[in-house]
Amino acid sequence: MTLTAPLPANEHHDGRPTTVRLDAARLPAAKPAYTTRHVDLNSATGLLSGVRPAVGDLVLATVTAVGQHPKVEGPDGRRASLFPGDEVVVAYGHRYAPDQFEASVPDDLGP
């Protein structure tokens, strides 16, 4: 399995999909979200950049700032605090909650 991830700001991209090997220590240190509960994250071997994300794709993302939601709910239902620099594994999806937030899957992996 390959996760999607944006390229670091200091790396250039020519617009074609790029796959890099996932460091074995990186994923176990990331905080997975509840939306990943049915996925065997141990089978992830690479990171794919330069693609348009789709509903259901998983992304390994870095927390740059903590806003209104300071915690992520894990696959077991427990909440984990988020801090700048933490990495999280989340799933892309459309969301509509009339009293909360509306979101749609973006066209790219950018911030």
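The values are calculated or read from the model by the stated rules, or taken from the named source; none is laboratory data. These figures come from a predicted structure and were not determined experimentally. Glycine gets a Cβ as well: all are built from the backbone with ideal geometry, and neighbour counts include every protein chain shown.
Of all residues in region 71-102, which are under 14 Å from D57 (Cβ atoms) and surrounded by fewer than 16 Cβ atoms within 10 Å (Cβ to Cβ)?
G93, H94
Listed here are the residues, each with its yes/no results for (1) over 14 Å from the mean Cα position of the chain (by Cα); (2) more than 16 Å from A33 (Cβ to Cβ).
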{"position": "A54", "(1), (2)": "no, yes"}
{"position": "V63", "(1), (2)": "no, no"}
{"position": "E73", "(1), (2)": "no, no"}
{"position": "P84", "(1), (2)": "yes, yes"}
{"position": "V88", "(1), (2)": "no, no"}
{"position": "D108", "(1), (2)": "no, yes"}
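Does A103 meet the test of being farther than 27 Å from T19 by Cβ and at pLDDT below 90?
Values: farther than 27 Å from T19 by Cβ: no; at pLDDT below 90: yes.
No, not satisfied.
So, in region 42-62, of the ones that are of a type in the set (V, I, T) and under 22 Å from H94 (Cβ atoms), which residue ends up surrounded by the most Cβ atoms within 10 Å (Cβ to Cβ)? Walk me through how you get there before you give the answer.
Step one: of region 42-62, the residues of a type in the set (V, I, T) are 45, 51, 55, 59, 62.
If we keep only those that are under 22 Å from H94 (Cβ atoms) too, we end up with 51, 55, 59.
Working: V51: 15, V55: 10, V59: 18.
Out of the qualifying residues, it is V59.
Any residue at all in region 46-58 that is at pLDDT below 85, part of a loop (DSSP other than H, G, I, E, B) and either of a type in the set (S, T, N, Q) or at positive phi (or both)?
Yes, region 46-58 contains a residue that is at pLDDT below 85, part of a loop (DSSP other than H, G, I, E, B) and either of a type in the set (S, T, N, Q) or at positive phi (or both).
May I ask you to list the residues in region 13-41 that are at pLDDT 85 or above, in a loop (DSSP other than H, G, I, E, B) and exposed (fewer than 13 other Cβ atoms within 10 Å of the Cβ)?
D23, A25, H38, D40
Here's a check for you: in region 59-83, which residue that is touching a residue at least 24 places away in the same chain (Cβ under 8 Å) and part of a strand (DSSP E or B) is farthest from S104 (Cα to Cα)?
Going through the qualifying residues, I end up with A80.
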